[in-house]
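Worksheet for the structure shown next.
Read-outs throughout are calculated quantities, based only on the coordinates presented, and are distinct from any laboratory measurement. Because the structure is a prediction, the values reported are computed rather than measured. Counting neighbours? That spans all protein chains shown, and the Cβs are built from the backbone with ideal geometry, glycine included.
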Amino acid sequence: MKPERRQIYPAEWVVLIFTLVYVGGFTVWFLSRENYEFILYVVTMLGLIALVALSVRKAELPVPMLWALTFWGLAHMAGGGIPVGESVLYSLRLIDIVGDGEFRILKYDQVVHAYGFGVTAWLLYHLLARHFPVMRGTWSIYTYAALASIGLGAVNEMIEFSAVIMMPDTNVGGYYNTALDLVFNAAGAVVAMLLVARSQSRSPD
């Protein structure tokens, strides 16, 4: 018997339940700390969860990709919710590479941006390859996926800008932070597509 288009398989249920558990936990945490900036992100993420759940059959997203997406969400929630010193995890400097003040590299925030929009580029590549198979193996598909991911990264910065306008007391940061976010978004997308291109070139297909 042919399964319904919106049927969710057991492995996908595990990802969904894991995601809902940590989103619920962090929502309670944010509310208890009156961190209303990240409540906006919770609402956005719930919308994304619904979108993925409703389209998972049509898009046939592989389970590893679903895990990659939910770990991005977890890293984002942890970044804004876990206190580190006088700030939060997002501000944590992982390696002293260059800069000071707001212009600092490498921070947890930048790693999450690179990872997240690398995963986004992978997702977009998957959708393009599925719906336009003639593009498989061409540099056009990798380029379009990377550029689309970079564009979504810019949309993310617009959402953060909206949060600053509505709630001035946020941890979003200023000009340097926004510029570095965009740079790491692009770096993550490009690296992801290079890795996908390399894996495809080694594929027996």
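Below is a table of values for the structure above.
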read-out	value
Cα point-scatterer Debye curve for region 10-202, base-10 log of I(q)/I(0) at q = 0.15 Å⁻¹	-0.97
Sorted by Cβ neighbour density within 10 Å, fewest at the top, the residues Val84, Val155, Val42	Val155, Val84, Val42
Cleavage-rule hits, GluC sites (Glu not before Pro), region 35-114, DSSP coil, Cβ neighbours within 10 Å at most 11	Glu60, Glu86
Candidates Phe103, Phe117, Phe30: whichever shows maximal mean-square fluctuation once the chain is modelled as a Gaussian network with Cα springs under 10 Å	Phe103
Residues Val23, Val14 arranged by fewest to most Cβ contacts within 10 Å	Val14, Val23
Proxy reagent accessibility, fewest Cβ within 10 Å first, across Val43, Val56	Val43, Val56
Principal-axis tilt of helix 10-32 within the chain, Cα atoms, nearest 10 degrees	10
Crossing angle, helix 175-202 versus the chain [Cα axis fit, 0-90 degrees, rounded to tens]	20
Top positive-direction residue, dipole computed over the chain with Cβ charges, set Thr120, Gly137, Ala78	Gly137
222 nm mean residue ellipticity, helices alone, for the chain (DSSP H n ≥ 4; -39,500 (n - 2.57); rounded to 500)	-25000 deg cm²/dmol
Computed magnitude of the charge dipole of the chain (debye, nearest 20; Cβ of K, R +1, Cβ of D, E -1)	1020
DSSP-loop trypsin sites (Lys or Arg not before Pro) across region 1-70, with at most 16 other Cβ within 10 angstrom	Arg5, Arg6, Arg33
C-alpha long axis of helix 108-131 to longest principal axis of the chain, angle in °	20
